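This report concerns only the one structure given below.
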């Protein structure tokens, strides 16, 4: 037997896709896949990072990651990471009382999705105009441009999350070819209308991990909730 014919057995784990409750199996990522992620991370290129995460999640779950919501991606990637390179990540946090920096073990396997009861994707802007939004997907990470200001980035993400616009009795579906027209429309909104749309992103489901640690200096018990995947790595 030659080396190329050796196939290593990989453990599988059970879980669910948060947005659909679909039962899935996933495996840890391989050394080659981890290398792909590290290269993307070192590049600081959001599109390259998004592409690498998409490939890893698709490979490890068998699901087309481009169909998943961003919080699905956060959740599944954290689960895969926990089974690949360790369930505990060492992070540093300052004590809320004395501000001493503490190294804390964060149990990645305890990741969960926090949902907000009043979250809705139907945003009524006035008596005649309604925006219907869809949960952002992984492409949202690739859309973020560090060279643009925060408002431009938010407008870009809103437009790419627009499902349709309802004006009076007409429903206008928004597709990729109409993004520039959508931007022109969003930029005409008032500040109050813009805040209504922003509330959709503020209240959408998020990936959380709760942690508690005792300060090594003053013995104060600190409780924190980490929100979003960027906190976990």
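None of the figures in this text is laboratory data; all of them are computed from the coordinates on show. All figures in this text were calculated on a predicted structure; none of them were measured in a lab. Backbone-built Cβ (ideal geometry, glycine too); neighbour counts: all protein chains shown.
How high is the FRET efficiency from residue 183 to residue 85, r the C-beta distance, R0 45 Å, rounded to 0.05? Intermediate results must be reported in sequence, preceding the final value.
On the way: r = 40 Å, r/R0 = 0.88.
Efficiency for this residue pair is about 0.70.
Please arrange 81, 27 by counting, for each residue, the other beta carbons lying within 10 Å of its beta carbon, fewest first. Present the calculation step by step, with values, prior to reporting the outcome.
Numbers: 81 23, 27 16.
So the residues, fewest neighbours to most, are 27, 81.
Among 151, 186, what is the fewest-to-most ranking by other Cβ atoms within 10 Å?
151, 186
Give me the percent relative contact order of the stretch 122-203, please, defined on Cα pairs under 8 angstrom at least 6 residues apart.
On the way: 81 pairs, mean separation 24.4, N = 82.
Result for the stretch 122-203 is 30 percent.
Give the Rg/Rh ratio for the chain, taking Rg as the radius of gyration of the Cα atoms and Rh as the Kirkwood radius, to two decimals.
For the chain, the value is 1.03.
Could you tell me what fraction of 2.2 N^0.38 Å the Cα radius of gyration of the stretch 1-57 comes to, as a two-decimal ratio?
1.46
Can you give me the C-alpha center-to-center distance between the stretch 1-58 and the stretch 172-188, rounded to a whole angstrom?
34
With runs of 4+ DSSP H residues as the only contributors, calculate the mean residue ellipticity of the chain at 222 nm using -39,500 (n - 2.57) per run, divided by the residue total and rounded to the nearest 500. Mind dumping the intermediate values first?
Details: 7 runs with 82 residues, N = 233.
That calculation yields -11000 deg cm²/dmol at 222 nm.
How much of the DSSP bridge set in the stretch 122-203 is antiparallel, in percent, rounded to the nearest 5? Display every interim value, and only then the final one.
Details: 12 of 12 bridges.
Antiparallel bridges make up about 100 percent of those DSSP assigns within the stretch 122-203.
Could you work out Rg/(2.2 N^0.38 Å) for the stretch 122-203, with Rg from alpha carbons only?
For the stretch 122-203, the normalised Cα radius of gyration comes out at 1.04.
Fewest to most neighbouring Cβ within 10 Å: what's the order for 72, 45?
By the 10 Å Cβ count, ascending: 45, 72.
What translational diffusion coefficient, in µm²/s and rounded to a whole number, does the Stokes-Einstein relation yield for the stretch 18-153 at 4 °C and a viscosity of 1.567 mPa s, taking the hydrodynamic radius as the Kirkwood radius over Cα pairs? Could you put the intermediate results ahead of the total?
Details: Rh = 17.5 Å.
Here the translational diffusion coefficient equals 74 µm²/s.
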